[in-house]
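Since the structure comes first, as structure tokens, the remarks are kept for the end.
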């Protein structure tokens, strides 16, 4: 039978705990305020618990059977607070169930908080509700506490504050869920209000610079003006704090090293928000005397020359740090030492005197000893063999440490194309005790093999389907073991490519190529072999007639050798190749609408001198790519009785020059400038035949190019204009012409990455370009160009290679092909598959 405290004792207990309740009837227990009664806790029960475990609650109270407790006293109050702070109950009270002599039995009576069964948003769009659900992370079944409700309101308000809705109101209603016991559904009503934008930013105390200059230092906090339609003008406190730091850094880098922001005020008015920022630039400081101590390897004059800071230069700590440690535009003092092995080199710039507006700096140097590379460790290459990585490294065991070669090694790994270039790690681990350093390289493999499934519409052939496989990290060495065919043997850095194009019996083309980049395995001498076969039969009015007997068959074999040069520097490569092509024609039009029958042989020697210093082949930020290529056939015309370009043997020489430069502009924005030239000539002033000529226009993929792509035509893209053989193609590419003898083209592109994920690298671009090709050198004028501009995007997917599109707007009219009645289309969309536009 339950017994209770009488009311006077209940009052004492209430004072002791703050949260103790008792029924109206009570049994007398001897206890007074002055004389608390000590009891031994004989037992604890829990009433009112529905989903919570009573034993767990008793454990949370901190009370144990056998404890000595005072009535009244602090023990019960502490027990209640321990349970309360868990946030699991809405109410808790304690009563005395009974007493047995000095033993007391307590009962904790609880009212549980409800649990969350579901929730939904009102007043906002479905998309915003989905975004909020991910952000606030409400979990069904979780206890609905005051903290949970408060956090939900805060997260919703913050979500809309970041979007510029500063007056967002959030009301959360709890609705009992009849389907579940002790559960509620939350109805989250959101009134986001109107978007509040920054309409004005003004500076006070700014005398050194124009306000517009200071506003440019803010990267996130911007004014919203009618002409700034891409500027959101939203205000975020955290971003504003970061922008204020950038503003102070700007002042510091301009010589105002004491600059500070005195105050900033956010004003709410009818137009939105106005920011008032008061700055104190302080005096402008200048470098005066720069002295060097501790330098023995290099004299002070040499170090001052590398530093490049003269007396009178505005004081800038950022400039000083760059010239000492990392100068992206030239050499710095640290690299001067570290490129000569002095890994333990240290330099400490100390301000020794500040007099007026001038500052004297003392460079305190500790040169240390030269460090040599001890071990090279590589991790993360799960597919690629170690030797493929090690042969590209410029840091070898036993060599002096060299920071420049370390950076070069990182670039060489990236250009392999087998690893994520954004995740190549280099960690030198120095050991000052023995003067050595271990270098740990970490890489992350990415898919490098590609499959091509595409279709295109050729002007003469109709629909052409393409199936291609490119294995960029193939291993011929492992091909003898069938266990390595998963699906193909890989890891040795060889390249195997197979390609098939077809349009039924009318046109088929097959190609197979193999490249070994390190012939012999000791030096970067490459060997490449390729085989190509194609056959094309004429059709009439789009109808193919197999009995017409008009066709051209082309068989080509090419063998090439290349090697890396050391002079002028090791970015240069020299490659030579021999190529033999045989063209078999029967009543097939090659030039000037004249049909030809016979066999034509083309034996070509090619030499290419190239220099490539780009940092990343997928999305290049800096570097250049230069190439000069000369292809020549033997001078058959000097042989008695020979008639080159008329039958049997083709005679020509061909010169190609390509240059591409990449310059970072700001952040990840990159400027790419390109120039391309091509010239074809013959020996002894003879006519140049229909082979190896240039056709310009469109995406430069050769679709719509008639049969001439079967005789080695070079397709040069020019966005905004028709593809070759179209009605308004550039004249040398129009139907009935074999192509030009010379061309030149200039391109300017701005590129910005959307995603640098190796699985799908995406960047957008804008461009302006101009080019032309001519039929004779008498017509050649490098300034007479067809111009265009536009924008586009590129997607590089590891499994499919390069995909892209461009919109181009032509600026110049083209003379139409004879019989053309439609007007020239000055706007074109171009699609690119598998290759960049030259």
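Miscellaneous remarks
- Selection count, the range 304-325, where residues are farther than 22 Å from residue 245 by Cα and either out of contact with any helix residue (DSSP H, G or I) (no Cβ under 6 Å at 6 or more places or on another chain) or part of a loop (DSSP other than H, G, I, E, B) (or both): 9
- Applying the criterion of being surrounded by fewer than 16 Cβ atoms within 10 Å (Cβ to Cβ) and modelled with pLDDT of 90 or more to the residues of the range 489-518, the residue that is nearest to residue 553 (Cα to Cα) is 510.
- Residue match in the range 279-291 (condition: part of a loop (DSSP other than H, G, I, E, B) and within 30 Å of residue 337 (Cβ to Cβ)): yes
- Filtered by the rule that a residue be touching a strand residue (DSSP E or B) at 6+ places or on another chain (Cβ under 8 Å), in a helix (DSSP H, G or I) and either free of Cβ contacts under 8 Å to residues at least 40 places away in the same chain or under 25 Å from residue 144 (Cα atoms) (or both), the range 36-86 gives 54, 57, 58, 61, 75, 79, 80, 83, 84.
- In the set 163, 137, 158, only one residue is within 21 Å of residue 196 (Cα to Cα), under 32 Å from the mean Cα position of the chain (by Cα) and either without any contact (Cβ under 8 Å) to a residue 12 or more places away in the chain or assigned by TED's automatic domain parsing to the domain that holds residue 224 (or both); that residue is 158.
- Checked against the criterion of being at pLDDT 85 or above and either in contact with a helix residue (DSSP H, G or I) (Cβ under 7 Å, 6 or more places away or on another chain) or over 30 Å from residue 224 (Cβ atoms) (or both), the candidates 110, 116, 180 yield just one match: 116.
- Which numbered condition residue 832 misses (of (1) more than 25 Å from residue 620 (Cα to Cα); (2) modelled with pLDDT under 85; (3) buried (at least 17 other Cβ atoms within 10 Å of the Cβ)): (1)
- Within the range 142-160, the only residue that satisfies the criterion of being closer than 25 Å to residue 181 by Cβ and in contact with a helix residue (DSSP H, G or I) (Cβ under 6 Å, 6 or more places away or on another chain) is 152.
- Any hit, the range 227-241, residues being at pLDDT 85 or above and assigned to a loop (DSSP other than H, G, I, E, B): no
- Tally, over the range 796-827, of residues that are modelled with pLDDT under 90 and part of a strand (DSSP E or B): 7
- Candidates 330, 341: the one that is modelled with pLDDT of 90 or more, under 30 Å from residue 663 (Cα atoms) and in a loop (DSSP other than H, G, I, E, B) is 341.
- For first residues located in the range 144-155 and more than 14 Å from residue 90 (Cα to Cα), partners that are part of a helix (DSSP H, G or I) and lie 6+ apart or on another chain with Cβ distances below 7 Å form the pairs 152/136; 155/135; 155/136.
- Scanning the range 168-200 for residues that are touching a residue at least 40 places away in the same chain (Cβ under 8 Å), over 18 Å from residue 273 (Cα atoms) and part of a strand (DSSP E or B) turns up 174, 176, 183, 184, 185, 186, 187, 188, 189, 190, 191.
The values are calculated or read from the model by the stated rules, or taken from the named source; none is laboratory data. Quantities reported herein were computed from a predicted structural model and do not represent experimental measurements. Note that we place each Cβ from the backbone using ideal geometry, even for glycine, and neighbour counts take in every protein chain shown.
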